[in-house]
Amino acid sequence: MPVYMLTDELKFPPPEGASPEGVVAIGGDASPERLILAYSLGIFPWPHRELPLLWFSPDPRFILSFERVHIGRSLRKHIRARPYTIRTDTAFAAVMQGCAQSPRPGQDGTWITEELRRGFTSLHEQGLAHSIEAYDQNEQLVGGLYGISLGRAFCGESMFACAPDASKIAMVTLLGNLCAWGFDFVDCQVYTDHLSRFGALEWPRARFLQALRRALSHESKLGPWQFDLDPVSALATLDALQGKPRE
C-alpha cells in the first residue's frame, strides 16, 4: 500500500487509512505543533532506529477506563503504607530521562529520541505535557510517568521505576485524580502486559476516535498540575467509582 510522506506542512492523512501495522505516515518532525495535531487526530510518533520518524494509529487501540481499573491486593497494601511522595510537573526532564534509560524487554535502546524530548519539553512548557513523580523518603526520584493531556483525554507515553511499585503508585494517583477531574479515559496506545493487569482493554480504532473527539470537545486542563488527591485518596476514589467498599 502507498506510504504517506510528511512535508513541512502541518498535515496528516486520516488515521483510518493506516497500514495493517498501524503506520499512518512517515517523516516530518516532532515539533510541538505537529505533536498537538497528531494526538488530536489519534496519531502518535514512535521512532524506529535507522528509519524516518513513523506515525501510528493502531487498530485496536489500548485504552484504560476508570471504571475498569484493577489494583491488586499487594499494591493496595503498599499504597496504604505511603512509601512515596507523589508530585506533578516538578521534574519533567528527569522523568523523561528515567523512561529513556529504563530497560524494556525485547528493545535495544530507547525510542525516546532527543527530538522527541525537545518536542515534549515544549509541550510541558505550554502546560499540555505532564510528569507524575514518585519520591522516596530521602527525596530521591525513584519512578514516574509522563504523557499529554488534551481535553478530557490523557495520553500516556512511558513510565519507569527504580524502587518497588514506584511507577504503579504514581499511576494509581494519576488515575484517581483524572477521575476526580472528570477525564474520560487514558490512552495507553498499544498492548502491554503491565497495563493489561491494570484493566486496560483493546478498543476498535473507530470507537477510540469517536471517544477522542468527545474528549477534545472540552477545554484542556493546563499545567503545571497539582493533584488534589494523595495516593490513598486516589485509590478510594477509584474504588468508589466501581462501587467497592472501603477495606
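The values are calculated or read from the model by the stated rules, or taken from the named source; none is laboratory data. As the structure is a computational prediction, the values presented were derived from the model and not from experiment. No Cβ is skipped: glycine too gets one built from the backbone with ideal geometry, and neighbour counts run over all protein chains shown. Note: accessible area is taken over every heavy atom of the protein model, side chains too, but ligands, DNA and RNA are not part of it. Shrake-Rupley method; radii C 1.70, N 1.55, O 1.52, S 1.80 Å.
At the residue level, ARG207 shows approximately 120 square angstrom of accessible surface with a 1.4 angstrom probe and all protein chains present. In the stretch 157-247, Cα pairs under 8 Å separated by at least six residues give a relative contact order of 50 percent. GNM on the chain, alpha-carbon springs under 10 angstrom: the most fluctuating residue among ALA211, ALA166, ALA234 is ALA211. A cut-off under 10 angstrom between Cβ atoms defines the neighbours of PHE183, and their net charge, with Lys, Arg +1 and Asp, Glu -1, is +1. For the stretch 115-247, the mean projected area of the C-alpha convex hull, equal to one quarter of the hull surface, is 9.3 nm².
The alpha carbon centroids of the stretch 1-21 and the stretch 177-243 are separated by 27 Å. Counting protein heavy atoms only, the chain has 51 percent of its accessible area on carbon and sulfur, 1.4 angstrom probe. The angle between the Cα long axis of helix 205-216 and the longest principal axis of the Cα atoms of the chain comes to about 70 degrees, rounded to the nearest 10. Could you tell me what % of all Cα pairs in the stretch 1-89 have separations over 19 Å? Every Cα pair in the stretch 1-89 considered, those over 19 Å come to 54 percent. How far, in degrees from 0 to 90, does helix 114-125 lean away from the longest principal axis of the Cα atoms of the chain, to the nearest 10? With both axes taken from Cα atoms, the answer is about 60 degrees. Averaging the Cα positions of each part gives two centres, and for the stretch 56-75 and the stretch 128-145 these lie 21 Å apart.
Restricting attention to the stretch 84-182, which GluC sites (Glu not before Pro) occupy a DSSP loop and are surrounded by at most 16 other Cβ atoms within 10 Å? Taking the stretch 84-182 and a limit of 16 other Cβ atoms within 10 Å, the loop GluC sites (Glu not before Pro) found are GLU139. Accessible surface for the chain, divided over its residues, is 48 Å² per residue with a 1.4 Å probe. Legend: Rg and Dmax of the chain, from Cα coordinates, 17.6, 55 Å. Estimated from the Cβ-Cβ distance and a Förster radius of 25 angstrom, the FRET efficiency linking GLU50 and ARG117 is about 0.85.
Its residue count N fixes a reference of 2.2 N^0.38 Å for the stretch 19-140, and the Cα radius of gyration divided by that reference is 1.25.
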